[in-house]
Amino acid sequence: TAVKRPRIRRRESHWPTTQQLTALLNASLGTIWEIPLLLSIATGARRSGILGLSWEDVDLKSGILHIRRSVQRLPGPDPADTITFTPLKTKRARRTIQLPPFAVERIRSHRREQLERRTILGTRWCDPIDDEGAPVALMCERGDGAFLHPDSFTHAFKRLGRLAGLHPSTRLHDVRHAVATELGRQGVHGVIVSAVLGHASPAFTVAVYQHVWQEGPYEAAAALEKALGRGFTNCWHVKSHHPCPR
């Protein structure tokens with residue numbers, strides 16, 4: 001009780017802008033990191049959730065994506081066996097997302113490219129095995145069907161971020177924050193943003209990204225004006241020409 005606790009030094013955030021996200025995608029074209037980055041930007045999902053996506057999780061006709069599991073690096077004696085499927089962080093992290101059309105189009109072409117590589121490699125293709133012993137066809141793989149290393153994804157983001165002009169301290173996880181911020185700025189309700197990101201509750205989303213909804217009072221007034229303004233204006237105009245008798 002006699003000791004004064006040190007102050008918590010919060011990290012200054014440098015979330016990428018929409019222009020920087022576009023530059024980041026352009027920097028990744030032709031690399032194995034293009035699709036993981038595209039999915040990160042299109043869904044706001046965590047790194048682990050992106051790397052755990054399989055082709056069974058996406059409907060390429062409707063553009064609906066299901067996030068059902070994650071991929072993590074676990075400590076172990078053998079480095080080759082440390083990447084594995086793991087459960088998602090929370091129950092709400094298991095969710096369904098509608099992909100934007102620009103992402104669906106690129107993922108369709110990626111599927112065709114992957115099938116061509118799979119045919120060429122033949123028996124050298126190695127799908128990871130899930131807990132039930134079944135092979136999993138990953139959307140994001142290293143070129144032969146195997147897991148992408150989570151740490152390699154982070155390092156690649158830093159390298160591509162420099163090419164795209166991102167702030168040096170921008171993290172891969174900041175793409176998730178950038179997606180949430182842009183959804184809020186576009187008027188998407190906090191409850192929907194929370195569902196897309198898989199947060200524990202909408203209250204948490206609004207608390208973390210409250211700066212995004214600072215325009216809320218103005219948006220509320222504009223919405224009421226659109227819904228009621230003309231009707232009330234007409235009423236008052238008529239009343240001014242026909243005053244009530246005393």
Open item on the list: Take the residues in the stretch 85-124 that are open to solvent by less than 30 Å² (accessible area, probe 1.4 Å) and part of a loop (DSSP other than H, G, I, E, B); name whichever of them is modelled with the highest pLDDT.
Closed with: Leu99
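Any chance you could count how many residues in the stretch 161-200 are assigned to a helix (DSSP H, G or I) and of a type in the set (Gly, Ala, Ser)? So that I can check it myself, show each step before the final result.
If we filter the stretch 161-200 for residues that are assigned to a helix (DSSP H, G or I), which is where we start, we get 161-164, 173-185, 190-197.
Checking which are of a type in the set (Gly, Ala, Ser) leaves us with 161, 164, 178, 180, 184, 190, 194-195.
Looking only at that region, the number is 8.
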Open item on the list: Please go through (1) under 19 Å from the mean Cα position of the chain (by Cα); (2) without any contact (Cβ under 8 Å) to a residue 24 or more places away in the chain for Leu74 and return the number of the only condition it doesn't satisfy.
Closed with: (1)
TODO: Output yes when any residue across the stretch 144-160 is in contact with a Ser or Thr (Cβ under 6 Å, 6 or more places away or on another chain) and either among the basic types (Lys, Arg) or in a helix (DSSP H, G or I) (or both), and no when none is.
DONE: yes
Open item on the list: Restricting to the stretch 1-51, give me the number of residues that are crowded, with 18+ Cβ neighbours inside 10 Å, part of a loop (DSSP other than H, G, I, E, B) and not charged (D, E, K, R).
Closed with: 5
- [ ] Answer with yes or no whether His173 is at pLDDT 90 or above and of a type outside the set (A, V, I, L, M).
- [x] yes
Task: Residue match in the stretch 19-40 (condition: over 15 Å from the mean Cα position of the chain (by Cα) and of a type in the set (D, E, K, R)) - done: no
Open item on the list: For the structure I just gave you, tell me whether Asp127 is more than 15 Å from the chain's Cα centre (by Cα), open to solvent by 70 Å² or more (accessible area, probe 1.4 Å) and touching a residue at least 12 places away in the same chain (Cβ under 8 Å).
Closed with: no
Task: From Ser13, Ser70, Ser62, Ser54, residue being under 19 Å from Arg142 (Cβ atoms) and touching a helix residue (DSSP H, G or I) at 6+ places or on another chain (Cβ under 9 Å) - done: Ser70
Task: Checking Ser70 against (1) small (Gly, Ala, Ser); (2) modelled with pLDDT under 95; (3) surrounded by 15 or more Cβ atoms within 10 Å (Cβ to Cβ), the condition it does not meet - done: (2)
Open item on the list: Please determine whether any residue of the stretch 52-70 is in contact with a Leu (Cβ under 6 Å, 6 or more places away or on another chain), closer than 18 Å to Arg171 by Cβ and assigned to a strand (DSSP E or B).
Closed with: yes
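The values are calculated or read from the model by the stated rules, or taken from the named source; none is laboratory data. Remember, predicted model here, so these are calculated numbers, not experimental data. A quick note on method: Cβ atoms are made from the backbone with ideal geometry, for glycine too, and the neighbour counts reach across all protein chains shown. Quick note on the areas: whole protein, heavy atoms, side chains included, nothing else; ligands and nucleic acids left out. Shrake-Rupley method; radii C 1.70, N 1.55, O 1.52, S 1.80 Å.
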